[in-house]
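Got a structure here, written out as structure tokens. Questions coming.
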Amino acid sequence: MMRQITDEVYLLESTKGAYSYLIKAEEWILIDTHFSFAKQALLKELRDNQIELKKIRHIILTHGDMDHMGNVGVLQQLTGATVWAGSKEIPYIMGQQKRPGFKKYIAAFMNPKKPMNIKPLQDGDKVCGVEAVETPGHTPGHICLIYKDVLFTGDLVEERDHLCVPFSVKWNWDTRILFQSIHKMSSYDFKWVCVAHGEPLLRDELFYAE
Ligand SMILES: [Zn+2]
């Protein structure tokens, strides 16, 4: 079952390991799309929760890794939604530029369906009240998203043993830049920290570990 986080924000349980979130804002918005192999489970969860696919008007990707963009092509087709991502991330998602490091091999190996088109987001751009914040480091064009009091971190940070920690070094394009992005993000207002990896946390309860 979908797990309700706030009045309008829901977590998709079928995407555990790399959570996707649904925002029932004025228009419905899906944040990230998990791995392509989980397509059936994801569609079943939406169906079981009476989420009409056509009501999802926007899909926003925090970045182009396989566990976040896996179903974006399929979901764009099924929903007719507009797909958005950080402007600097789009060439990687569309395959015009090879991902840095070993991720290029993973991407080639998994080869998920690409979206038909993606609209670019830059720092401060908003989609139905969801604000993009450029937070490079995990990938070159990574963005975080803020909707009201909820921060969607993508892979800027993750939750491990009730700790909010910077994303693991081995998966990052540039961890030094990731730390700068964490610093940038800390000046924003939010209450909920909705990570992809691990479980959502409240900012009040955050412990930060290096
Ligand atoms: Zn991830």
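The values are calculated or read from the model by the stated rules, or taken from the named source; none is laboratory data. All of these numbers come straight from a predicted model, not from anything done at the bench. Glycine also receives a Cβ, built like all others from the backbone with ideal geometry; neighbour counts cover every protein chain displayed.
If a residue has to be assigned to a loop (DSSP other than H, G, I, E, B) and surrounded by fewer than 18 Cβ atoms within 10 Å (Cβ to Cβ) to count, how many in segment 89-104 make the cut? Before the answer, list the steps.
Start the filter on segment 89-104 by keeping residues that are assigned to a loop (DSSP other than H, G, I, E, B), which leaves 89, 94-102.
In the following step, the residues that additionally are surrounded by fewer than 18 Cβ atoms within 10 Å (Cβ to Cβ) were identified as 94-98, 100-102.
Looking only at that region, the number is 8.
A quick yes/no check of all residues on (1) in a loop (DSSP other than H, G, I, E, B); (2) in contact with a His (Cβ under 9 Å, 6 or more places away or on another chain); (3) charged (D, E, K, R):
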{"residue": "Ala132", "(1), (2), (3)": "no, no, no"}
{"residue": "Gly137", "(1), (2), (3)": "yes, no, no"}
{"residue": "Ile146", "(1), (2), (3)": "no, no, no"}
{"residue": "Leu151", "(1), (2), (3)": "no, no, no"}
{"residue": "Cys164", "(1), (2), (3)": "no, no, no"}
{"residue": "Lys170", "(1), (2), (3)": "no, no, yes"}
{"residue": "Ser181", "(1), (2), (3)": "no, yes, no"}
{"residue": "Tyr188", "(1), (2), (3)": "yes, no, no"}
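With respect to Gln122, is the statement that it is polar (S, T, N, Q), surrounded by 14 or more Cβ atoms within 10 Å (Cβ to Cβ) and either more than 16 Å from the ligand (Cβ to nearest atom) or in contact (Cβ under 8 Å) with a residue 24 or more places away in the chain (or both) true?
Numbers: polar (S, T, N, Q): yes; surrounded by 14 or more Cβ atoms within 10 Å (Cβ to Cβ): no; either more than 16 Å from the ligand (Cβ to nearest atom) or in contact (Cβ under 8 Å) with a residue 24 or more places away in the chain (or both): yes.
Against the criterion (polar (S, T, N, Q), surrounded by 14 or more Cβ atoms within 10 Å (Cβ to Cβ) and either more than 16 Å from the ligand (Cβ to nearest atom) or in contact (Cβ under 8 Å) with a residue 24 or more places away in the chain (or both)), Gln122 does not qualify.
Residue-by-condition table, conditions (1) among the charged types (D, E, K, R); (2) closer than 22 Å to Trp28 by Cα; (3) touching a strand residue (DSSP E or B) at 6+ places or on another chain (Cβ under 9 Å):
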{"residue": "Ile143", "(1), (2), (3)": "no, yes, yes"}
{"residue": "Asp149", "(1), (2), (3)": "yes, yes, yes"}
{"residue": "Glu159", "(1), (2), (3)": "yes, no, yes"}
{"residue": "His162", "(1), (2), (3)": "no, no, yes"}
{"residue": "Phe167", "(1), (2), (3)": "no, no, yes"}
{"residue": "Arg176", "(1), (2), (3)": "yes, no, no"}
{"residue": "Phe190", "(1), (2), (3)": "no, yes, yes"}
{"residue": "Leu206", "(1), (2), (3)": "no, no, yes"}
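Still on this structure, please answer the following. Among the numbered criteria (1) at pLDDT below 95; (2) touching a helix residue (DSSP H, G or I) at 6+ places or on another chain (Cβ under 9 Å); (3) surrounded by 17 or more Cβ atoms within 10 Å (Cβ to Cβ); (4) not polar (S, T, N, Q), which one does Val83 miss?
It fails just one condition, (1).
Would you check if there is a residue in segment 59-67 being modelled with pLDDT of 95 or more, hydrophobic (A, V, I, L, M, F, W, C), within 14 Å of the ligand (Cβ to nearest atom) and crowded, with 17+ Cβ neighbours inside 10 Å?
The initial filter retains those residues of segment 59-67 that are modelled with pLDDT of 95 or more, namely 59-67.
Retained after the next criterion (residues that are hydrophobic (A, V, I, L, M, F, W, C)): 59-61, 66.
If we keep only those that are within 14 Å of the ligand (Cβ to nearest atom) too, we end up with 61, 66.
Now restrict to residues that are crowded, with 17+ Cβ neighbours inside 10 Å: 61, 66.
Yes.
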